[in-house]
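Have a look at the structure below before the remarks.
The values are calculated or read from the model by the stated rules, or taken from the named source; none is laboratory data. Here the structure is a predicted model, which means the values were calculated and not measured. Quick reminder, even Gly has a Cβ in these numbers, built from the backbone with ideal geometry, and neighbours come from all protein chains shown.
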Amino acid sequence: MSAFKARLGEEDVAVGNIFCIGRNYAAHAAELNNPLEEEPLVFLKPTSALAGEGEPLRLPDYSSDVHHECELVLLIGKGGRDIAESEALDHVAGYGIGLDMTARDVQSAAKSKGHPWTKAKGFPTAACLSRLTPAAQVADPQRLSFELRVNGALRQQGDTGLMLFPVAAIIAYLSRIYGLQAGDLIYTGTPEGVAAVRSGDKLSLTLDGLASAEWSVL
């Protein structure tokens, strides 16, 4: 998969923006001593950060503490502005599982200075993405479970019912503030259990029987 494509079933889809939602699970916010937000906390990743299934993960040489963050990922199939929450799920083309890889030491230094997080979030292979399952096969995105295993050991378990901002609310918010277009990806936030990865680690992700993927760290 090229750096600018997502895989929806057997189809390649050009990726537009990559929106990410931070602090969307209370337990994860607590483990990093972050406050809960009154509205979705949004940051962006460049498309050059995308890594398809099986692509080797490269840790940036400017960080010594890169963390995994396992997340439900959405692919927008129909763009729009000011999308109503009641219609938001109609704009989703597919659902998958992914990793928001984060250089935690770099992020912490940036936050302490009031600087943006892009250097911590946007390096090559920082946005891992499985093959996406068509949205028609997902009855309710708020009733999904997912997990991440590192070298076979369970590291993160997620329940989308615990999201502080559910999928429809995220889509409505992003459409109102930024506008959405076909091909945009949305990383919806990670549950607790984030931790550092090391060279040679094997990361295995599953999404409720709908998607799975594996990555190995160089």
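Among the conditions (1) of a type in the set (Ser, Thr, Tyr); (2) in contact with a His (Cβ under 7 Å, 6 or more places away or on another chain); (3) free of Cβ contacts under 8 Å to residues at least 60 places away in the same chain, the only one that Ser108 does not satisfy is (2). What are the residue pairs meeting all of these: first residue in the stretch 69-89, first residue surrounded by 14 or more Cβ atoms within 10 Å (Cβ to Cβ), second residue modelled with pLDDT of 95 or more and basic (Lys, Arg), Cβ atoms under 8 Å, and 6 or more apart or on different chains? As it stands, the answer is Cys70/Arg155; Ile83/Arg176, since those pairs meet every condition given.
Among the residues of the stretch 1-20, write down those that are farther than 30 Å from Gly200 by Cβ and within 14 Å of the chain's Cα centre (by Cα). If the condition is that a residue be farther than 30 Å from Gly200 by Cβ and within 14 Å of the chain's Cα centre (by Cα), then Asn17, Phe19 are the ones that fit.
Checked against (1) closer than 21 Å to Gln142 by Cα; (2) acidic (Asp, Glu); (3) in contact with a strand residue (DSSP E or B) (Cβ under 6 Å, 6 or more places away or on another chain), Glu85 passes all but condition (3). Total residues in the stretch 102-153 satisfying the condition of being of a type in the set (Val, Ile, Thr), assigned to a strand (DSSP E or B) and more than 22 Å from Ile171 (Cα to Cα): the figure is 2.
Would you confirm whether or not the stretch 100-107 contains a residue that is small (Gly, Ala, Ser), under 15 Å from Ile21 (Cβ atoms) and crowded, with 20+ Cβ neighbours inside 10 Å? No, because not a single residue in the stretch 100-107 is small (Gly, Ala, Ser), under 15 Å from Ile21 (Cβ atoms) and crowded, with 20+ Cβ neighbours inside 10 Å. Across the stretch 54-64, the number of residues qualifying as in contact (Cβ under 8 Å) with a residue 24 or more places away in the chain, surrounded by fewer than 18 Cβ atoms within 10 Å (Cβ to Cβ) and closer than 15 Å to Gly122 by Cα comes to 3. State all residues of the stretch 59-73 that are part of a strand (DSSP E or B) and either under 17 Å from Arg23 (Cα atoms) or in contact with a His (Cβ under 7 Å, 6 or more places away or on another chain) (or both); if no residue qualifies, say none. The answer is His67, His68, Cys70, Glu71, Leu72, Val73.
Kindly evaluate Pro35 against the criterion of being farther than 17 Å from Ala93 by Cβ and either under 13 Å from the mean Cα position of the chain (by Cα) or at pLDDT 95 or above (or both). Spelling it out, it is not the case that Pro35 is farther than 17 Å from Ala93 by Cβ and either under 13 Å from the mean Cα position of the chain (by Cα) or at pLDDT 95 or above (or both). Tell me, which residue of the stretch 143-170 that is buried (at least 16 other Cβ atoms within 10 Å of the Cβ) and of a type in the set (S, T, N, Q) is farthest from Lys202 (Cα to Cα)? Among residues in the stretch 143-170 that are buried (at least 16 other Cβ atoms within 10 Å of the Cβ) and of a type in the set (S, T, N, Q), the one farthest from Lys202 (Cα to Cα) is Thr160.
Inspect the stretch 135-142 for any residue being closer than 25 Å to Val13 by Cα, touching a helix residue (DSSP H, G or I) at 6+ places or on another chain (Cβ under 6 Å), among the polar types (S, T, N, Q) and touching a residue at least 24 places away in the same chain (Cβ under 8 Å) and give the result as yes or no. There is at least one residue in the stretch 135-142 that is closer than 25 Å to Val13 by Cα, touching a helix residue (DSSP H, G or I) at 6+ places or on another chain (Cβ under 6 Å), among the polar types (S, T, N, Q) and touching a residue at least 24 places away in the same chain (Cβ under 8 Å). Could you check the stretch 47-75 and list, in sequence order, the residues that are farther than 23 Å from Thr206 by Cβ, of a type outside the set (Asp, Glu) and out of contact with any Ser or Thr (no Cβ under 8 Å at 6 or more places or on another chain)? Once the filter is applied, which keeps residues that are farther than 23 Å from Thr206 by Cβ, of a type outside the set (Asp, Glu) and out of contact with any Ser or Thr (no Cβ under 8 Å at 6 or more places or on another chain), the stretch 47-75 yields Thr47, Ser48, Pro60, Tyr62, Ser63, Ser64.
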